[in-house]
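Report on one structure; see the data block that follows.
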Amino acid sequence: MPLDIVEHTRALQKLFDSGQSFVEITLCAIRGSAPQIAGAKAVVTRDGIEAGTIGGGKIEAASIRYAQELLSNKENCDPELITWNLQTDIGMTCGGEVTLFFSKHEQTTWPIAVFGAGHVAQALVPMLVQLNCYVSCIDPRSNWLDKLPDHAKLSKICTDSPASIVTQLPQATYFVLMSQGHATDLPVLAEILKTRSAPYVGVIGSEQKATVLRRDLASQGFSSDQISSFFCPIGLDFGNNTPTEIAISVIAQLIKVRDAMPNG
């Protein structure tokens, strides 16, 4: 069966957009009997074959197993060209060889949670999903969440209890708080500081808001280290106070913090 390059490209793009790691297998050469033509491709994720085929049967089964072993090995990301003997390596009765190229695409997910879907978030979230990250936007207002464009890398969460979502998010989540004000940001901020040591926590607002937040956290018994561990005002110090330029400064700060991390 000839390769449908359009469908193959769509399958790869879907995996890239969703942040899934995968291995692309190409059947490069055949000597003897094989149930596909040279150039055939298959795409394998941790769950099994996602798209395409290199012919099915024992060759494909062995290829899937090998691809999944590559995905489970975090240290090996180099592409591999492998030749298998159909009898001794695959266990087939017919003789011959197949040469397969395994190309591993290990995607690192950068989780970012944006609490609030207001004007700044409306500018920020569409920019964030252009990066290699996965964004969750949390807000009790469904009409504001609905204004955000649908995207494979965006999860919209409508809840009347945003703070309850904190513990459901990955440990490595970067937190951006820009809800309707102090009263709604504070419970989320307190839950973050109480339950984890996040790589980044930023709260939108002025120096005055930062002072009030830190005072209220101190009254709740948070330590001085916890109280000084978040950014407020949020973003790097450039640009004006329009939603778009605030969003750009926040993204710049997120990238700066990410790249300063040991595995950044």
Worksheet item: To the nearest Å, what is the center-to-center distance of region 183-243 and region 135-157, using C-alpha atoms only?
Response: 22 Å
Item to complete: Under 20 Å Cα to Cα from K14, which aspartates and glutamates show up? Leave out anything in the same chain fewer than 8 places away.
Response: D4, E24, D47, E50, E106, D150
Worksheet item: Among L193, L71, what is the fewest-to-most ranking by other Cβ atoms within 10 Å?
Response: L71, L193
Practice prompt. Would you mind checking K147/K209; K153/K256; K147/K194; K41/K104; K41/K153 for any pair whose Cα atoms are more than 23 angstrom apart?
Written response: K147/K209; K147/K194; K41/K153
Worksheet item: From largest to smallest, what semi-axes in whole angstrom does region 95-191 give when each is the square root of 5 times an eigenvalue of its alpha carbon gyration tensor?
Response: 35, 15, 11
Response to the item:
Per DSSP, the loop-located chymotrypsin sites (Phe, Trp or Tyr not before Pro) within region 170-264 having at most 16 other beta carbons within 10 Å are F238
Discussion item. Please compute the contact order of region 149-264 in relative form: average sequence separation of alpha-carbon pairs under 8 Å and at least six residues apart, divided by the residue count, as a percent.
Written reply: 21 percent
Response to the item:
The correct pair for region 5-105, radius of gyration to one decimal and Dmax as a whole number, both in Å and from Cα atoms, is 13.2, 41
Discussion item. Please list, short to long, the whole-number percent of alpha-carbon pairs of region 111-260 in consecutive 10 angstrom bins beginning at zero.
Written reply: 11, 45, 37, 6, 0
Worksheet item: Taking all pairs of different Cα atoms in the chain, averaging 1/r and flipping that mean, what Kirkwood radius in angstroms comes out?
Response: 21.2 Å
Discussion item. Taking the number of other C-beta atoms within 10 Å as the exposure measure, put C28, C232 in order starting with the fewest.
Written reply: C28, C232
Worksheet item: Picking from S206, G239, L186, whose Cα lies most toward the positive end of the charge dipole for region 111-260 (charges on Cβ: Lys, Arg +1; Asp, Glu -1)?
Response: L186
Practice prompt. As a check on your grasp of the helix formula, calculate [θ] at 222 nm for the chain: sum -39500 (n - 2.57) over DSSP H runs of n ≥ 4, divide by the residue count, round to the nearest 500.
Written response: -11000 deg cm²/dmol
Item to complete: Please list, in chain and number order, the residues 5+ apart from L169 or on another chain whose amide H is under 5 Å from its amide H, with Hs placed from the backbone.
Response: none
Response to the item:
Once the in-chain neighbours fewer than 8 apart are removed, the aspartates and glutamates whose Cα is under 12 Å from K58 read D89
Practice prompt. Would you order F102, F115, F16, F22 from fewest to most other beta-carbon atoms within 10 Å of each residue's own beta-carbon?
Written response: F16, F102, F22, F115
Worksheet item: Per-residue HN-Hα couplings for region 145-161, Karplus 6.51 cos²θ - 1.76 cosθ + 1.60 at θ = phi - 60°, whole Hz, x for Gly and Pro?
Response: 4, 5, 6, 6, x, 5, 7, 4, 9, 10, 10, 9, 10, 9, 8, 7, 10
Fill in: For Y200, distant residues with modelled amide H under 5 Å away
F175
Discussion item. Could you give each residue of region 86-94 its phi-based ³J(HN,Hα) in whole Hz, using Karplus coefficients 6.51, -1.76, 1.60 with θ = phi - 60°, and x for Gly or Pro?
Written reply: 5, 7, 7, 9, 9, x, 8, 7, 7
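Values in this text are rule-based calculations from the coordinates and carry no lab data. Just so we're clear, the structure is a prediction, and the values are computed from it rather than from any experiment. Every residue, glycine among them, receives a Cβ derived from its backbone with ideal geometry; neighbour counts consider all protein chains shown.
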